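Colleague: Let me begin by handing over the structure; questions about it come next.
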Amino acid sequence: MHDMPLVIFTVLSQLAIGGFVTLWWIDQKSTIQRKTGLLISLSLVVIGGIAVLVSLFHLGHPFAAYRAILNIKVSWLSREVTFYGAFVGLSMLYSWFWIKDAASWRGMTGAVATILGILAIFSSAKIYMIPAIPAWNSMTTMFMFFLTSILLGPLFVGVFLIIRGELSMNLTAVVIVGFIAATVVMLVYFSGLQGGLPQAAESLRLAVGQLIFWVRLFTFIIAFAILAITAIGKQKQTGTIYTVVFVLILISEFLARLQFYETAVHL
Amino acid sequence: MAKKLGFLVNIERCIGCHACEISCKSFYQLEPEMRRRRVTELPEDLVGTPVRAFVSTACNHCDEPACKNACPVGAYTKREDGIVVHNQELCIGCQMCGKACPYKVPVYNPVKRKMDKCSMCYERLDVGQLPICVEKCPLEAIQIVDYNEVQPENGVSIVPTFADPSITHPTTQFILPKPGKQTRRSS
């Protein structure tokens with residue numbers, strides 16, 4: 001369980017970035033009340049901050065963590081720390097502009113933070129795309145990290161907006177597209193492991209042998225089914241549906257990430 | 001021309017006594033679970049006819065060190081002579097170098113909570129001494145070679161259990177045992 005802080009950090013940071021981009025995008029396209037926007041952005045800042053704090057626990061020397069930006073020229077980990085740190089800083093500033101109700105400043109800060117957030121997820125995935133661990137060394141790592149963000153972020157923001165009766169965009173469609181993409185990536189990932197180097201095939205064997213693999217699949221399928229069935233039936237999305245789907249996907253992504261680290265077999 | 005120092009491990013000579021591994025561990029006072037050099041047994045079908053063979057490996061002081069590129073604090077440097085040095089003062093113990101190295105060379109020191117790896121005893125080399133493993137091997141199976149000067153005639157850069165050298169271009173080379181002669185009685 002040495003990598004548990006990294007499991008929590010990657011899932012929460014991707015949730016925070018996905019949620020932030022969703023909030024910023026909706027704020028650009030329609031109207032969100034100040035109180036709602038502030039509530040969501042502060043929640044995201046708290047989640048993003050918790051992610052940073054938890055990530056420190058995987059270091060031998062957490063108080064020296066500031067040094068992790070020194071090798072930005074070549075190290076993807078340095079780049080991730082830099083981009084994500086800047087993202088959290090800017091998302092705090094973005095929340096401040098919600099307090100001040102300064103829409104144009106929010107728009108600009110949000111745009112820069114969005115780019116930094118995307119760069120942070122990209123860097124995060126690149127850290128793990130290393131030949132030494134064949135199960136990680138493919139583009140599926142990149143897709144999986146971004147899809148965690150695409151699935152969790154809009155659902156998180158959607159829960160708040162539905163409860164406050166302000167959901168004006170079709171977030172369900174975004175999440176369903178995310179679900180379909182995640183299913184394709186999952187299939188490509190598993191077949192890539194099976195047909196890859198012996199260490200990659202061993203990672204798959206280890207993963208499938210654990211109960212959490214099946215819990216992850218079950219929660220993913222149930223969440224997908226709930227959202228798809230209610231969308232096809234043209235049923236009005238409620239706060240309860242979004243909350244249940246969000247919690248199921250959070251569990252599913254957490255377990256998938258846990259397996260990502262725990263079943264990694266080195267060359 | 002700059003040097004390109006690397007280990008040359010003669011598997012033909014190695015008898016698997018672990019003297020290199022233990023002398024290194026003892027010299028650097030490593031924690032019980034830590035090793036900078038490891039001796040492992042190789043499959044007996046290594047050269048066609050059955051042989052009992054061992055290989056001693058440490059840091060390969062790669063031409064393109066994955067540890068150096070993974071480290072977020074820049075604790076790794078490659079000296080002009082090719083030795084990859086880890087500066088423990090800078091290390092924050094993120095263990096990313098250990099993950100990135102195809103040979104799992106950097107290991108975690110649970111007491112210092114920092115990473116640790118073979119430095120080819122560069123402090124000793126700098127004052128004209130041999131690395132501990134080279135000095136203590138009773139079979140003289142480990143040598144330091146400047147690969148820009150010498151290309152061992154029968155040196156190979158891969159043995160079973162050794163990761164694909166095209167990833168980081170390790171400098172270590174090995175001399176394989178000679179295949180034994182098989183004779184058959186005519187009747």
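The values are calculated or read from the model by the stated rules, or taken from the named source; none is laboratory data. Note that the structure is predicted; figures quoted are calculated from it, not measured. Don't worry about glycine lacking a Cβ; one is built from the backbone with ideal geometry, like all the others, and counts go over all protein chains shown. Protein only, heavy atoms only, side chains kept; ligands, DNA and RNA dropped before computing areas. Shrake-Rupley method; radii C 1.70, N 1.55, O 1.52, S 1.80 Å.
Colleague: Among the residues of segment B:160-172, what is the count of those that are in contact (Cβ under 8 Å) with a residue 40 or more places away in the chain and either within 14 Å of chain A (Cβ to nearest Cβ) or open to solvent by 30 Å² or more (accessible area, probe 1.4 Å) (or both)?
Modeller: So the count comes out to 9.
Colleague: Among the candidates A:MET169, A:MET92, A:MET108, single out the residue that is part of a loop (DSSP other than H, G, I, E, B) and open to solvent by 40 Å² or more (accessible area, probe 1.4 Å).
Modeller: It is A:MET169.
Colleague: Residue check: is A:VAL54 touching a Pro at 6+ places or on another chain (Cβ under 6 Å), open to solvent by less than 40 Å² (accessible area, probe 1.4 Å), more than 8 Å from chain B (Cβ to nearest Cβ) and at pLDDT 95 or above?
Modeller: For A:VAL54, the condition - touching a Pro at 6+ places or on another chain (Cβ under 6 Å), open to solvent by less than 40 Å² (accessible area, probe 1.4 Å), more than 8 Å from chain B (Cβ to nearest Cβ) and at pLDDT 95 or above - is met.
Colleague: What is the number of the single condition among (1) under 22 Å from A:HIS58 (Cβ atoms); (2) open to solvent by 30 Å² or more (accessible area, probe 1.4 Å); (3) within 10 Å of chain A (Cβ to nearest Cβ) that B:TYR103 does not meet?
Modeller: Result: B:TYR103 passes all but (1).
Colleague: Could you check how many residues of segment A:10-31 are open to solvent by 10 Å² or more (accessible area, probe 1.4 Å) and either over 30 Å from A:TYR128 (Cβ atoms) or of a type in the set (D, E, K, R) (or both)?
Modeller: Residues flagged as open to solvent by 10 Å² or more (accessible area, probe 1.4 Å) and either over 30 Å from A:TYR128 (Cβ atoms) or of a type in the set (D, E, K, R) (or both) within segment A:10-31 amount to 5.
Colleague: Quick one: B:PRO72 ticks every box in (1) out of contact with any Asp or Glu (no Cβ under 7 Å at 6 or more places or on another chain); (2) of a type outside the set (S, T, N, Q); (3) open to solvent by 10 Å² or more (accessible area, probe 1.4 Å); (4) within 13 Å of chain A (Cβ to nearest Cβ) except a single one, so which number is it?
Modeller: (3)
Colleague: B:LYS112 fails exactly one of the following numbered conditions: (1) within 14 Å of chain A (Cβ to nearest Cβ); (2) under 15 Å from the mean Cα position of the chain (by Cα); (3) more than 20 Å from B:PRO65 (Cβ to Cβ). What is the number of that condition?
Modeller: Answer for B:LYS112: the failing condition is (2).
Colleague: Additional query: Pairs please, first residue from segment A:45-71 and over 18 Å from B:ALA75 (Cβ atoms), second anywhere and open to solvent by 80 Å² or more (accessible area, probe 1.4 Å) and assigned to a helix (DSSP H, G or I), Cβ atoms under 7 Å, 6+ apart in sequence or on different chains.
Modeller: Pairs found: A:VAL45/A:MET92.
Colleague: With the requirement that a residue be out of contact with any Leu (no Cβ under 9 Å at 6 or more places or on another chain) and more than 7 Å from chain B (Cβ to nearest Cβ), what does segment A:58-79 give you? Please lay out each step first, then the result.
Modeller: Step one: of segment A:58-79, the residues out of contact with any Leu (no Cβ under 9 Å at 6 or more places or on another chain) are A:59-61, A:66, A:69, A:72-77.
Residues satisfying the conditions are A:TYR66, A:ILE69, A:ILE72, A:LYS73, A:TRP76.
Colleague: For segment A:130-152, which residues satisfy the criterion of being over 17 Å from the mean Cα position of the chain (by Cα) and open to solvent by 40 Å² or more (accessible area, probe 1.4 Å)?
Modeller: Matches in segment A:130-152: A:PRO131, A:ASN137, A:SER138.
Colleague: I'm checking my understanding of the structure. Among residues of segment B:57-96 that are touching a His at 6+ places or on another chain (Cβ under 6 Å) and outside any loop (DSSP other than H, G, I, E, B), which one is farthest from B:GLN173 (Cα to Cα)?
Modeller: Among those residues, the one meeting the criterion is B:TYR76.
Colleague: Within segment A:80-119, track down each residue that is among the charged types (D, E, K, R) and either in contact with a Lys or Arg (Cβ under 7 Å, 6 or more places away or on another chain) or away from chain B (no Cβ under 14 Å) (or both).
Modeller: A:LYS100, A:ASP101, A:ARG106
Colleague: Would you pick out the residues in segment B:75-91 that are small (Gly, Ala, Ser) and within 14 Å of chain A (Cβ to nearest Cβ)? Step through it out loud before you land on a result.
Modeller: Here is the first cut: in segment B:75-91, the residues small (Gly, Ala, Ser) are B:75, B:82.
Hit for segment B:75-91 is B:ALA75, nothing else.
Colleague: Search segment A:1-21 for residues that are modelled with pLDDT of 95 or more and pair each with any residue that is in a helix (DSSP H, G or I) and among the polar types (S, T, N, Q) when their beta-carbon atoms are under 6 Å apart and the residues are at least 6 apart or on different chains.
Modeller: From segment A:1-21, the pairs are A:PRO5/A:SER55; A:PHE9/A:SER55; A:GLN14/A:THR148; A:GLN14/A:SER149; A:ILE17/A:SER149; A:GLY18/A:SER149; A:PHE20/A:SER91; A:VAL21/A:THR114.
Every residue, every condition in (1) within 14 Å of chain B (Cβ to nearest Cβ); (2) open to solvent by 60 Å² or more (accessible area, probe 1.4 Å); (3) free of Cβ contacts under 8 Å to residues at least 60 places away in the same chain; (4) at positive phi, yes or no:
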position: A:TRP214; (1), (2), (3), (4): no, yes, yes, no
position: A:GLN237; (1), (2), (3), (4): no, no, no, no
position: A:GLU253; (1), (2), (3), (4): no, no, no, no
position: A:VAL265; (1), (2), (3), (4): yes, no, no, no
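Colleague: Just to verify a result, which residue in segment B:1-39, among those that are open to solvent by less than 30 Å² (accessible area, probe 1.4 Å) and polar (S, T, N, Q), is farthest from B:VAL134 (Cα to Cα)?
Modeller: Restricting to residues being open to solvent by less than 30 Å² (accessible area, probe 1.4 Å) and polar (S, T, N, Q), the top hit is B:ASN10.
Colleague: OK, next. Of the residues that make up segment B:40-55, is at least one within 14 Å of chain A (Cβ to nearest Cβ) and either open to solvent by 30 Å² or more (accessible area, probe 1.4 Å) or of a type in the set (A, V, I, L, M) (or both)?
Modeller: Looking through segment B:40-55, none of the residues is within 14 Å of chain A (Cβ to nearest Cβ) and either open to solvent by 30 Å² or more (accessible area, probe 1.4 Å) or of a type in the set (A, V, I, L, M) (or both).
Colleague: With a cut-off of at least 2 residues that are under 23 Å from A:SER13 (Cα atoms), name the helices (runs of 4 or more DSSP H) lying wholly within segment A:185-267.
Modeller: A:211-232, A:239-262
Colleague: In addition: Which of the residues spanning segment B:58-69 are out of contact with any helix residue (DSSP H, G or I) (no Cβ under 6 Å at 6 or more places or on another chain) and open to solvent by less than 40 Å² (accessible area, probe 1.4 Å)?
Modeller: If the condition is that a residue be out of contact with any helix residue (DSSP H, G or I) (no Cβ under 6 Å at 6 or more places or on another chain) and open to solvent by less than 40 Å² (accessible area, probe 1.4 Å), then B:ALA58, B:CYS59, B:ASN60, B:HIS61, B:CYS62, B:PRO65 are the ones that fit.
Colleague: Condition check: modelled with pLDDT of 95 or more, of a type in the set (Lys, Arg) and surrounded by fewer than 24 Cβ atoms within 10 Å (Cβ to Cβ). Does A:ARG34 satisfy that?
Modeller: So A:ARG34 does not fit the description; no.
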